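The values are calculated or read from the model by the stated rules, or taken from the named source; none is laboratory data. Owing to the predicted nature of the structure, the values given are computational and were not obtained by experimental measurement. Using ideal geometry, Cβ is built from the backbone for each residue, glycine included, and neighbour counts are taken over all protein chains shown.
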Amino acid sequence: MTAPTPTRATIASGDPGKSRALAGLTPRNCDASSRPHYSQDVSAHGAASRVVGRMAGVTAIRVRDYSPAMDAAWAVGLLDEMFGGRLQARRGQLIDALGVPGLVAVDDADDRLGILMYQRVASECELVAIAASRGRHGVGTALLEALQARLADGDRIWLVTTNDNLDALRFYQRRGFSLCALRAGAVDDSRRRLKPSISLTGAYGIPLRDELELELHTSRKL
Ligand SMILES: CC(C)(COP(=O)(O)OP(=O)(O)OC[C@H]1O[C@@H](n2cnc3c(N)ncnc32)[C@H](O)[C@@H]1OP(=O)(O)O)[C@@H](O)C(=O)NCCC(=O)NCCS
């Protein structure tokens with residue numbers, strides 16, 4: 001996944017009247033007492049839609065399947081803002097992040113909070129894209145937990161991120177992922193061959209050059 005452009009732009013949520021700050025780019029209330037409480041209330045929403053988290057004092061986070069018919073317009077906008085488009089360059093190839101199955105996190109009012117797109121091949125599952133339209137509110141964790149709940153014990157989740165994406169590296173490693181590959185210069189190659197629009201500079205003003213791969217075996221607790 002190409003790193004998000006460092007910007008303070010806002011993204012329209014499922015409710016067109018609301019806009020949400022880009023994940024992690026605006027100051028948040030970070031005291032421990034306001035951290036999310038996660039529940040596993042499966043019965044209330046059925047198999048494809050389970051409450052997996054709670055934005056403290058705000059709303060429950062429910063995760064359901066991505067529906068191209070219902071969600072594509074919103075998802076295209078989110079991926080444009082976060083990753084410069086739905087076509088993501090990794091491992092020397094472009095992948096359409098919206099051409100694979102996915103999960104959408106929503107709040108009590110069914111406003112969309114974030115997306116996770118994934119692709120399974122046997123016991124391997126690529127996390128193709130993950131983005132929260134409102135960062136540091138438990139959305140990313142809820143999506144990851146929901147993905148993990150769909151996989152069998154021992155399945156491997158893997159993903160590609162970029163050298164500048166320190167927030168993502170923190171997020172994944174705090175949730176049990178470990179680094180398994182470094183491809184120095186891979187983003188430079190993708191910019192030359194596949195996606196000229198990839199910016200030269202990524203998050204925190206860091207030159208955007210390399211791909212890093214992380215993995216998690218699903219028996220490990222998030
Ligand atoms: C990476 C990303 C998906 C994580 O999603 P997120 O919704 O911010 O993740 P969470 O809120 O579940 O967790 C992030 C942190 O916020 C904390 N947090 C969650 N709710 C909180 C709250 N109410 N108050 C304070 N902290 C809170 C979590 O505990 C976590 O911190 P930790 O890692 O120290 O445990 C998100 O940052 C994002 O969209 N980034 C831009 C797109 C991107 O780069 N995607 C990855 C490409 S590889």
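Cβ-Cβ contacts under 9 Å between residues 6 or more apart (or on different chains), taken from a first residue in segment 139-153 that is within 14 Å of residue 129 (Cα to Cα) and within 7 Å of the ligand (Cβ to nearest atom) to a second residue that is among the basic types (Lys, Arg) and at pLDDT 95 or above, are listed as 140/175; 141/175.
Considering each residue of segment 118-133 in turn, at least one proves to be within 25 Å of residue 72 (Cβ to Cβ), of a type in the set (A, V, I, L, M) and more than 15 Å from the ligand (Cβ to nearest atom).
Listed residues 127, 144; which is surrounded by 21 or more Cβ atoms within 10 Å (Cβ to Cβ) and in contact with a helix residue (DSSP H, G or I) (Cβ under 8 Å, 6 or more places away or on another chain)?
Going through 127, 144 in turn, the sole match is 127.
Contact map, segment 164-176: first residue closer than 15 Å to residue 130 by Cα and free of Cβ contacts under 8 Å to residues at least 24 places away in the same chain, second residue part of a loop (DSSP other than H, G, I, E, B) and more than 8 Å from the ligand (Cβ to nearest atom), Cβ cut-off under 7 Å, separation 6 or more or different chains; the map is empty. With respect to being touching a Ser or Thr at 6+ places or on another chain (Cβ under 9 Å) and either more than 18 Å from residue 216 (Cβ to Cβ) or in contact (Cβ under 8 Å) with a residue 40 or more places away in the chain (or both), residue 90 fits the description. Across segment 175-203, the qualifying residues are those that are under 16 Å from residue 94 (Cβ atoms) and assigned to a loop (DSSP other than H, G, I, E, B), and the one among them that is nearest to the ligand (Cβ to nearest atom) is 198. Screening 190, 219 for residues that are of a type in the set (Gly, Ala, Ser) and closer than 16 Å to residue 161 by Cα leaves exactly one candidate, 190. Being surrounded by 13 or more Cβ atoms within 10 Å (Cβ to Cβ) and not hydroxyl-bearing (Ser, Thr, Tyr) is the filter here; which residues of segment 165-179 pass it? Selection gives 165, 166, 167, 168, 169, 171, 173, 175, 176, 177, 179.
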